[in-house]
1. State the number of residues belonging to the range B:439-468 that are within 11 Å of chain A (Cβ to nearest Cβ) and open to solvent by 40 Å² or more (accessible area, probe 1.4 Å).
2. Specify the residue that is surrounded by the most Cβ atoms within 10 Å (Cβ to Cβ); the eligible residues are those in the range B:217-244 that are of a type in the set (Val, Ile, Thr) and more than 21 Å from residue B:187 (Cα to Cα).
3. Output the residues belonging to the range B:184-209 that are within 20 Å of residue B:268 (Cβ to Cβ) and either among the basic types (Lys, Arg) or outside the structural domain of residue B:158 (by TED's automatic domain parsing) (or both).
4. Which of the residues spanning the range B:171-216 are farther than 15 Å from residue B:135 by Cα, among the polar types (S, T, N, Q) and either open to solvent by 20 Å² or more (accessible area, probe 1.4 Å) or part of a helix (DSSP H, G or I) (or both)?
5. Quickly run through the range B:164-183 and pick out the residues that are within 23 Å of residue B:373 (Cβ to Cβ) and either in contact with a Lys or Arg (Cβ under 7 Å, 6 or more places away or on another chain) or not assigned by TED's automatic domain parsing to the domain that holds residue B:116 (or both).
6. Does the range B:240-266 hold any residues that are assigned to a helix (DSSP H, G or I) and either within 13 Å of residue B:208 (Cα to Cα) or not assigned by TED's automatic domain parsing to the domain that holds residue B:277 (or both), and which are they?
7. Being more than 9 Å from chain A (Cβ to nearest Cβ) and touching a Ser or Thr at 6+ places or on another chain (Cβ under 7 Å) is true for just one of B:72, B:105, B:50. Which residue is that?
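The values are calculated or read from the model by the stated rules, or taken from the named source; none is laboratory data. Note that the structure is a prediction, hence the values are computed from the model and not measured. Neighbour counts are summed over all protein chains in view; Cβ atoms, including those assigned to glycine, are modelled from backbone coordinates with ideal geometry. Please note that ligands, DNA and RNA were not included when accessible areas were found on the heavy atoms of the full protein model with its side chains. Shrake-Rupley method; radii C 1.70, N 1.55, O 1.52, S 1.80 Å.
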Amino acid sequence: MERKHINTLSTRNLCSSAKNGGCGECQTSCQSACKTSCGIANQSCENKESK
Amino acid sequence: MIHQFKLNGYNIVLDVISGAVHVVDELAYDVIERFETQSLPQMQEDLLAKYAGGDGPADFCAAAKEDPQDFKAEVAAVHGEVQALKDAGQLFTPDSFAPLAGEFKERSKGIVKALCLHVAHTCNLNCEYCFASQGKFHGERAIMSFEVGKRALDFLVENSGTRRNLEVDFFGGEPLMNFDVVKQLVAYARSIEKQAGKNFRFTLTTNGMLVDDDVIDFANRECHNVVLSLDGRKEVHDRYRVDYAGHGSWEKIVPKFQHFVEKRGGRSYYMRGTFTHNNPDFLEDIKEMLRLGFTELSMEPVVCPPGDPYALTDADIEIVKKQYEDLAKLMLEREKAGKPFTFYHYMIDLNGGPCIYKRISGCGSGTEYMAVTPWGDLYPCHQFVGDEAYKLGDIWAGVTNTALQDEFMKCNVYAKKECQDCWAKLYCSGGCAANCLHASGSITGIYEQGCELFKKRMECAIMLAAARASEV
């Protein structure tokens, strides 16, 4: 029953992002739309060199 | 730490610390579930019994019955794949971020990069559910003068250090009740930004009542984003979003918003609605927004004390969670049909999302982000305005309540004990400080109802990413 069991999606490695991250240019979490239910997952990284 | 869940036919495993996302079949899902608690021989016996007993997909069950040795070999193969992913730092990655928590804020100490300018503590609508108490923020009606606003912008530039992108949100109340000052402030900001080496990004949040061609032209020229308040269906919207005579605003604002969005020509906007106990079936409101031609959507759960008549109940929460799932499915259907739309909370970019510093530092309220009242007082964010105990200082003297700011400096996801074992901690970063305070009495507490909904939204968002990846 040979088959592929695991498909790993392409993602940013958060551990690696510790090396060059933290420029602080990204959008403040609450500023764009929600104003009441903050999360950071949908923010974009502004530092194109760190990814 | 991992998080496993099944949604819309996808078996998904998230490696919380590395951020890796794996879409797996049933057998791999079971192997990963047992990986840290069972030896390989134990796992082989356990899964053989499970599948030979008919508990699983038909093909695996048949394989287990027909050739147990071959099935065990397959389990061993999957076990090897999982071990390889663990060795590669993509599964069961240990949490090493705690020492970094607080480091970013310490490094950025004193830097402010975003202001919410309360240009109007007054409103032309009288929405009962408004967290800002009809725009007055529990105080007197007030309008920000140009002088106060100008000083706020200077304060921002002076305190922004090397940050280039500065965000300013015109907020209220209804900011268009002070539109002349808004225009003057933008003109002032544009006159100083080049020399200061800054790039102002303005956002306008409006209820639409005063939107006209002048507003539209201005916003399309100057605003990075506009947030347009619409709750969806007419009867839902008009239940709360009424003028002082009690008349609903839907009929007045919808044509204005349609015109606004049409003229926006692809620039960023959000239709932003609130759902309450009266419409936990908020997907119907999303559908109404789509019917009206809007495609960039945000619907937020009402924020209010639990006893309020419009507060979401435990029964509502279950409905809302199902609505989030159905919303994700609707998005996939519409994408396939060539009619995509955006839901703010589902916009996660697994490749281009925030770095770990952002993810563990919290929302930035009280440190890099503050709200400015019409008379120039500083608060940690718009949701704290009106609570004197949370006044940080003012735009002339800067932050004078340094003890309070220290509390916000130290508030991060690792400062919240309830977040330590939560799989979603690197997606919410500890959540909204104001909601946490109101729910728990402390900004380092949690807002459980908010957490529950947030986690469901993230599962849906990750499932969407998995579904899109499988389409490629």
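1. 5
2. From the range B:217-244, those of a type in the set (Val, Ile, Thr) are B:226-227, B:236, B:242; that's our starting set.
Next cut, more than 21 Å from residue B:187 (Cα to Cα) only: B:236, B:242.
Details: B:236: 23, B:242: 17.
It comes out as B:236.
3. B:190, B:198, B:201
4. B:184, B:191, B:195, B:199
5. Pass one, the range B:164-183, residues within 23 Å of residue B:373 (Cβ to Cβ): B:166-183.
Within the range B:164-183, B:166, B:167 meet the criteria.
6. Our first condition is that a residue be assigned to a helix (DSSP H, G or I); within the range B:240-266, this holds for B:240, B:250-264.
Of everything in the range B:240-266, those that are assigned to a helix (DSSP H, G or I) and either within 13 Å of residue B:208 (Cα to Cα) or not assigned by TED's automatic domain parsing to the domain that holds residue B:277 (or both) turn out to be B:250, B:251, B:252, B:253, B:254, B:255, B:256, B:257, B:258, B:259, B:260, B:261.
7. Working: B:72 fails: touching a Ser or Thr at 6+ places or on another chain (Cβ under 7 Å); B:50 fails: touching a Ser or Thr at 6+ places or on another chain (Cβ under 7 Å).
Matching residue, one of B:72, B:105, B:50: B:105.
So that you can scan it fast, the table gives a plain yes or no per residue for (1) out of contact with any strand residue (DSSP E or B) (no Cβ under 9 Å at 6 or more places or on another chain); (2) among the polar types (S, T, N, Q); (3) in the same structural domain as residue B:18 (by TED's automatic domain parsing):
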residue: B:63; (1), (2), (3): yes, no, yes
residue: B:71; (1), (2), (3): yes, no, yes
residue: B:83; (1), (2), (3): yes, yes, yes
residue: B:98; (1), (2), (3): yes, no, no
residue: B:114; (1), (2), (3): no, no, no
residue: B:120; (1), (2), (3): no, no, no
residue: B:126; (1), (2), (3): no, yes, no
